[in-house]
Amino acid sequence: KPPADLENFPDVNFGIELELSCASGNYRERTGKNLADHANVQVRAGFFGGKGKGGGSSKGWITLMNTSKDSSKSKSHTYGKHDKWRLVIDRSIEANELNPLSATFELVSPILSGPRDLSEVSRIVTIMTDVACVRVNESMGLHVHVETKEDDYSLQKMISICQYFLLYEEIMDSFLPKHRRTDSNESLRYFKSNKKSILQNTVATSPDDAILILSSCQSYDELYERMNPNVGKGPRYHKLNLQNLKTRRQPTMEFRQHHASKNVEDIVFWVRFCVLFVYNASKLSPICSSDGIPDATLESLFDDIIKCSMVRNYYSEKQV
């Protein structure tokens with residue numbers, strides 16, 4: 001049974017990607033083995049080997065698992081074909097200054113759903129940070145995927161989610177560190193402001209216009225293109241990334257703006273925030289006129305969208 005404060009967490013599929021690096025003297029396979037042994041889960045670790053066919057580098061996966069006698073007693077969940085936590089090489093992030101040759105990678109969850117699996121995230125991250133000797137820095141992020149299948153989310157629901165994301169973009173900035181806010185160096189590289197991109201790449205001339213222009217979208221693809229214009233490093237490098245939906249790679253929207261952290265509360269509360277944002281914003285009608293745009297305040301964000309006092313209290317204390 002999940003903790004009481006998680007019982008109202010909706011049964012929505014989600015996943016996380018946490019960017020990390022190994023501490024000095026460690027390496028990614030050992031990190032995965034420690035996680036497998038202590039968390040009693042199977043972990044897949046991607047690797048690059050020597051020369052493959054045609055002279056290129058070979059790459060593949062090794063599966064790391066707890067081989068102790070007690071491993072058969074594991075109560076870990078079964079997630080079908082996505083049943084393993086993965087450590088995936090990520091060369092787009094920077095190694096730590098004190099260990100410039102350290103391996104950089106993402107901890108990628110299987111498909112998760114509901115309060116019990118949110119507790120599993122807490123358990124896995126706690127164990128990993130305790131035993132796996134990992135490090136984070138400002139170039140690293142926490143990416144949360146929330147499932148929004150087009151069969152389950154009408155175009156109108158998706159428009160509502162995107163409009164309210166634009167409305168509250170600056171409020172979300174206010175309780176994240178300065179290096180994870182609009183126009184920071186990290187933002188310009190990894191997660192551009194959706195609102196600013198719309199203003200720079202459409203006929204919208206004001207923040208209200210940016211919100212209202214979404215209401216005229218006639219298709220999912222038109223919405224995806226307006227929220228993620230192909231600028232900078234590419235369309236997916238926005239705070240709210242819809243490119244997995246556009247390419248049909250996977251049915252999720254991705255929240256990219258949060259910093260990487262070894263603090264379990266930071267991670268779990270952000271997952272709760274993202275899932276609740278999508279779940280509750282989808283129930284609101286699209287905003288179709290300037291008179292219908294509410295004031296964007298911390299209070300209205302949590303009263304009208306998030307609707308969870310614990311999440312509200314957590315971020316109220318962080319707001320600057």
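The values are calculated or read from the model by the stated rules, or taken from the named source; none is laboratory data. Keep in mind that this is a model prediction, so the values were computed, not measured. Cβ coordinates were reconstructed from backbone atoms using ideal geometry, including for glycine residues, and neighbour counts include every protein chain displayed. Remember, those area values only see protein heavy atoms, side chains included, never the ligands or the DNA or RNA. Shrake-Rupley method; radii C 1.70, N 1.55, O 1.52, S 1.80 Å.
Can you sort Tyr315, Tyr237 by solvent-accessible area, 1.4 Å probe, largest first? Mind showing how you got there, number by number?
Values: Tyr315 5, Tyr237 40 Å².
Sorted by accessible area, descending: Tyr237, Tyr315.
Distance from the Cα centre of the stretch 275-289 to that of the stretch 150-226, in angstrom?
Taking the Cα centre of each part, the stretch 275-289 and the stretch 150-226 sit 13 Å apart.
With only alpha-carbon atoms counted, please give the Rg and Dmax of the stretch 84-181, in Å.
Considering the stretch 84-181 through its Cα atoms, Rg and Dmax are 16.9, 49 Å.
Kindly state, as a whole number, the per residue volume in cubic angstrom of the convex hull around the alpha carbon atoms of the stretch 132-237.
Values: hull volume 13.4 nm³, N = 106.
It is 126 Å³ per residue.
Cross-link list Lys84/Lys149; Lys157/Lys262; Lys33/Lys195; Lys178/Lys307: which exceed 32 angstrom alpha carbon to alpha carbon?
Numbers: Lys84/Lys149 22 Å; Lys157/Lys262 34 Å; Lys33/Lys195 42 Å; Lys178/Lys307 25 Å.
Too far apart for the 32 Å limit: Lys157/Lys262; Lys33/Lys195.
Once you treat every alpha carbon in the stretch 184-320 as an equal point and sum by Debye, what is log10 I(q)/I(0) at q = 0.11, 0.16, 0.22 Å⁻¹?
Values, matching the q order: -0.45, -1.00, -1.60.
What's the local net charge at Gly15, with K and R +1, D and E -1, over the other residues with C-beta under 10 Å away? It would help to have the intermediate numbers written out before the result.
On the way: positive: none; negative: Glu17, Asp117, Glu147, Glu254.
The answer is -4.
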